[in-house]
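The structure appears right after this line, and notes come after that.
Please treat every number below as a calculation from the coordinates, not as lab data. None of these values were measured; they are calculated from a predicted model. Because the Cβ atoms are built from the backbone with ideal geometry, glycine has one as well, and the counts that use them run over all protein chains shown.
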Amino acid sequence: MKKILIVDDSAFMRKLLKDILMTDTVFLKKHTLTFYEASGKKEAFQHVKKIAFDAILLDIVMVESETEGIEFVEEIRDIFDVNKIIMISSVSQPVLYDKCDQLGITRYLNKPLVAKNIIESVSQVLA
Amino acid sequence: MPIEVNKHKDTFLSEAKNYISLMNQSLVELEKFPKQTQHFQSIFRAVHTLKSLSASMNYHYSETVCHAIEDLLVLNRENVIDYADLLFESFDYLSANLQLLTTGEIEVDPTELIHKIKSYLQTNQFITKNVKSTIAKDILPIQKIQTIDVKIDRIDTLVRLAEELLIKRMKLNVLREKIDNAELNKAVEKLGRLLTELQYHVMQLRLVKIDFIFDRFIRTIRDLAKQLGKKINLVTEGGNIELDRQLIDEIGESLSHLIRNAVDHGIESVKDRVKKGKTAEGTICLRAIRNKETVSIEVTDDGAGIDFVTLKNLAIKSEILSPEASNQEIHDVLFSQLSTSKTVTPLSGRGLGLSIVKQKIESVGGTIRVESIANERTSFFIEIPLTLAIIQALFVNVGSELYAIPIDLIERLVVVTRSDFKKVLNYEAILHDGVDIPILRLGSIFNCKANVDYTRNPVVIIGKGTKRVGLVVDTLIATQEVVVKPISRIIKNSKFFSGAALIGSGQMILILDTSYLLHSMSEILGVNFYDQESIHVNNHGGKQNAIF
C-alpha cells in the first residue's frame, strides 16, 4: 500500500488530485493507494512525523503565506526525502523555482493540472 | 486523459464563494486600514487560488478576470485604495458569474471589464464612465440562502405523503380502465409522470453523506485499539457519496461489526507486526464507491488475514464441507452459522456474527464477499442497491388473497387448460414451447382453497433458460408500481416473501420472493429437478395462449 500525502489549502484541489490518481486504471493496477490530506503545513507536519509517506503532493501558495509550501519543505527536509515531493503551483516566479532548486526539489507541476503529468510524476516517485 | 471535473462542481462553487467573500472582506478592511498589509496578502492569495480553481474547472472567463486582478495587484501594491472600486467591480463580476454557474448557466463574457483593467494598467487612470458593471448590480446585493436544515421527521412525512399519492394513483388507474375516456386517460398519465418525478425528488431529500457513519468509526477504532494495546490508523475514501438515510441506518451496524472484527482479530499487536516486518501501525481502510445503481463499500485491514485452511479443516470435520470444497464454498462457511459456533470461533478468530452481517446486508437487497491474503490483508466488499423503494409488480389472486410478483424475474404469462398439466416422476409440470417447466401451485403452498377456472388456468413463468418455474395462480390482475415496505420478522422467516406493498384500498399485500422460489424449488417440494432428464413429449396436446 502506497501512502500519499496531499497538502493543499483548497479542498477542491485535494479532491481533484485524488480523483485523477484514483481514476487511472493502468496506474491503479500497479499501486494500491492510500491518501492522507492536509490543508496547511502544520497539519502536514503532524502527518509526516507519524507516517512514512511514499509521495507528497505539495501546493506552494496556501492560507498562511505565499510560500507556505516551501517553508514546509524547509521544515521536513531533515526527516523526509525531498525526492519524493512534487511541488504544485500556478506561480511561475523564477525566485520560487530557484528556492525549490536549492532545496533539492526536482519535480514541479503547474496549475491548471494536467492528468497525464500528475500520473507521470507520481509514477516516477513511486517507482 | 480528460479530467472529469463536473462532479466536483459543488465543491468548487462553495469554495469559490468563500474566496470571493474573503476578497471582499479583506478589501473593505484594507480601505479602512491601508497600512495593514495582511489584508492585501489575503486578497492576493484568494485571487490566486480562485484563478487555479477556475482553470481546473475550465471556467476560463473567471480565470481571465482573476489573472487580470493579479496583474493589478502586482502593479501597485502600495496604493490599492486608488483602484479599490475597480477591484470591487471585478469581485462583483466573479460573484455574479458564480451565481450563474450555480444555476447551471454559463459565464458572462468579461471583455468589457478586462478592457477597463487593461486601460487602467496602461494609463494608471480609471475610466470613469461605465463605472458600475451592469450584470453584477441586479444579482448581487442579497446573498440568497442556498441550504437549510430540515428535521428528519418532516422529510419522512413528505416521503410518506408521496407514497400515499402513488397508492392513490393506482386506484385512479383502476378507475380509468373502468371508465376508459381519452381525456381522462391523458390527465391520469400526466399526473402519473409528475408523481414519479415528485417521488424521486422527495427521496433525494433523504440522502445523507456516508461520512456520517464513517466519522463515527474514528472514535470507535481509537478506543478499541487503545484498549487492546494496538496502533491503528483509519483511512476513509468516498465519504462524500450520498445514501438514503434509511439505508445508512441499516448498514451502519454491519460496518461497525466488520470494523470491530478488523480491530479485534485482523490487525495484530505491535509486537507481532514488527516481528512480521510490517509497520507498527496497522491501517483500516473504509472506501465507498458509487456505481450506477449500487454503492460499494470496502472494509480492508492490513492485518493477519483469515485462516481459511483451518476454517476448511474444521468445516470438513463438522461434515459441512467435503474435502473437495471450492474456495467459494469455504468463503460461504465464513458467513454461515457454523463460524458463530463455539468450536470454531477461537480458531477462526473472526467469524463471530458474520452470518448476522450477511443477513442484514441481504435484507436490503445487497451482497457481501470477502478476499483475504494470509498475513497481508482482509477485505470485505459490500454492495447495496441505491434505492429499494419502488418496484414493478404483477398482482395475482390465490384463493381469497392478493399477492404481488416482482416483474423483473417474470419470463412470461401463459394460460393453460387442465390437460396441459402432467406428472413428471414425482412433481408436476406444464409443457411450454416443447419444454417441461416444473410448477408450484401457490394455493397448496399457502394452504388456501384454490378458486380456479380449470379451462383457463393462468401460470406465471419465472426464471430463464433451463432454470424456470411456473407459478400456478387463480387469476392475473394487473401490473403496477408498488412501494415496498419491510415486513415483520415472523413473516420474513417463512422466506416466501421479500416485502409487502400497500395498495389503493389501503390493504397490505405480500410480495413473493421470486428469487427464493426459483432457487429453492427442490427444497420446497423435496425433489431434485434439474439433475433429472425430463421426458419431453413434443406432441403433447392442449392449447396455450401466451398473453404477455
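What ranking do B:Leu53, B:Leu224 get, fewest neighbouring Cβ atoms within 10 angstrom at the top?
Ranking B:Leu53, B:Leu224 by Cβ neighbours within 10 Å, fewest first, gives B:Leu224, B:Leu53.
Calculate, axis by axis, the spread of Cα positions in region B:394-471 along the three principal axes, and write the results as whole Å, longest axis first.
Ordered largest first, region B:394-471 gives principal extents of 32, 28, 21 Å.
Take every residue in peptide A:6-14, count the Cβ atoms of other chains within 10 Å of its Cβ, and give the average of those counts.
Working: counts 0, 0, 2, 3, 11, 5, 15, 8, 1.
Rounded to a whole number, the mean comes out at 5.
Could you work out the local net charge near B:Arg206, counting Lys and Arg as +1, Asp and Glu as -1, over the other residues with Cβ closer than 15 Å to its Cβ?
-3
Is there a pair in B:Lys178/B:Lys495; B:Lys9/B:Lys51; A:Lys3/A:Lys30; B:Lys17/B:Lys209 whose C-alpha atoms are over 24 Å apart, and which pairs would that be?
With Cα atoms farther than 24 Å apart: B:Lys178/B:Lys495.
Could you state the number of Å between the C-alpha centres of region B:390-432 and region B:157-218?
Each part reduced to its Cα centre gives a spacing of 29 Å.
If amide hydrogens are placed 1.01 Å from N in the peptide plane, which non-local residues have theirs closer than 5 Å to the one on A:Glu37?
When sequence neighbours closer than 5 places are left aside, the close amide H contacts are A:Ile6.
Using only alpha carbon pairs under 8 Å that are at least six residues apart, calculate the relative contact order of region B:251-342 and give it in whole percent. Display every interim value, and only then the final one.
Working: 73 pairs, mean separation 19.8, N = 92.
Reported as a whole number, the value is 21 percent.
Below 8 Å, C-alpha to C-alpha, sequence gap of six or more: please give me the relative contact order for region A:20-125 in percent. Numbers along the way, then the final one.
Numbers: 106 pairs, mean separation 28.8, N = 106.
Relative CO of region A:20-125 lands at 27 percent.
Sequence neighbours fewer than 8 away in the same chain don't count; with that in mind, list the lysines whose C-alpha is under 28 Å from B:Lys317.
Correct list for B:Lys317: B:Lys342, B:Lys358.
Please go through region A:1-75 and write out the GluC sites (Glu not before Pro) that DSSP classes as loop and that have at most 12 other C-beta atoms within 10 Å.
Within region A:1-75, no GluC sites (Glu not before Pro) qualify (loop, at most 12 other Cβ atoms within 10 Å).
State log₁₀ I(q)/I(0) for region B:56-104 at q = 0.26, 0.27 Å⁻¹ as given by the Debye formula over alpha-carbon point scatterers of equal weight, solvent excluded.
Once normalised to I(0) and log-transformed, intensities are -0.97, -1.02.
Taking the number of other C-beta atoms within 10 Å as the exposure measure, put B:Lys495, B:Lys275, B:Lys51 in order starting with the fewest.
Starting with the residue having the fewest Cβ neighbours, the order is B:Lys275, B:Lys495, B:Lys51.
Once the principal axes of the Cα atoms of region B:188-266 are found, what is the range along each, listed largest first in whole angstroms?
65, 18, 15
May I have the extent of the alpha carbons of region B:23-100 along their three principal axes, as whole Å values ordered from largest to smallest?
Answer, in whole Å and largest first: 36, 20, 16 Å.
Rounded to the nearest 5, what is the percent of antiparallel bridges among the DSSP beta bridges in the protein assembly as shown?
70
Let me know the mean shielding of A:15-24 by other chains, meaning the per-residue number of their Cβ atoms within 10 Å of its Cβ.
The shielding value for this peptide is 4.
Could you work out how far apart the two model spin labels at B:Ser363 and B:Met508 are, taking each label as a point 7 Å from the Cα in the direction of the beta carbon, and quote it in nm?
Taking the simple label geometry, B:Ser363 and B:Met508 are separated by 1.5 nm.
Can you give me the relative contact order of region B:213-270 as a percent, contacts being Cα pairs under 8 Å and 6 or more apart? Walk me through the numbers on the way to the answer.
On the way: 30 pairs, mean separation 31.7, N = 58.
Relative contact order for region B:213-270 comes out at 55 percent.
Count neighbours as other Cβ atoms within 10 Å of each site's Cβ, and list the trypsin sites (Lys or Arg not before Pro) in region A:66-125 that are DSSP loop with at most 15 such neighbours.
Values: sites: A:Arg77, A:Lys84, A:Lys99, A:Arg107, A:Lys116; in loops: A:Arg77, A:Arg107.
Listed in order of number, the matching sites are A:Arg77.
Return, for the Cα atoms of region B:220-341, the radius of gyration and Dmax in Å, separated by a comma.
Reported Rg and Dmax, both Å: 16.9, 46.
Taking amide H positions as placed in the peptide plane 1.01 Å from N, state which residues far from B:Leu321 in sequence (5 or more) or on other chains have amide H under 5 Å from it.
Hits under the 5 Å cutoff: B:Ile316.
What percentage of all Cα-Cα pairs in region A:80-127 are separated by more than 13 Å?
Result for the distance tail: 57 percent.
How long are the semi-axes of the ellipsoid equivalent to chain A, from square roots of 5 times the Cα gyration tensor eigenvalues, in whole Å, largest first?
For chain A, the semi-axes come out at 21, 16, 14 Å.
Tell me, what ³J(HN,Hα) does each residue in region B:24-31 have, in order and in whole Hz, if you take phi through Karplus 6.51 cos²θ - 1.76 cosθ + 1.60 with θ = phi - 60° and put x for Gly and Pro?
Karplus-based 3J(HN,Hα) across region B:24-31 equals 4, 4, 5, 5, 4, 4, 5, 4 Hz.
Starting from the Cα of B:Thr475, step 7 Å along the direction of its Cβ; do the same at B:Lys423; then give the gap between the two resulting points in nm.
3.2
Where does the protein assembly as shown land on the Kirkwood hydrodynamic radius, alpha-carbon pairs, in angstrom?
30.5
Could you work out [θ]222 nm for the protein assembly as shown from helices alone, using -39500 (n - 2.57) per DSSP H run of at least four and dividing by all its residues? Round to the nearest 500 deg cm²/dmol. Please report the intermediate quantities before stating the final value.
Numbers: 25 runs with 301 residues, N = 675.
The helix-only estimate for the protein assembly as shown comes to -14000 deg cm²/dmol at 222 nm.
State to the nearest 20 debye the size of the charge dipole of the protein assembly as shown about its Cα centre, where the only charges are +1 on K and R beta carbons and -1 on D and E beta carbons. Write out the running numbers ahead of the final one.
Details: 83 positive and 87 negative charges, 312 e Å.
Value, rounded to 20: 1500 debye.
Within a Cβ distance under 12 Å of B:Glu298, other residues only, what is the Lys/Arg minus Asp/Glu net charge?
The answer is -1.
Would you grab the residues whose amide H sits under 5 Å from the one on B:Val484? Only those 5+ places off in sequence or on another chain, please, with H modelled 1.01 Å from N.
B:Ile390, B:Ile391
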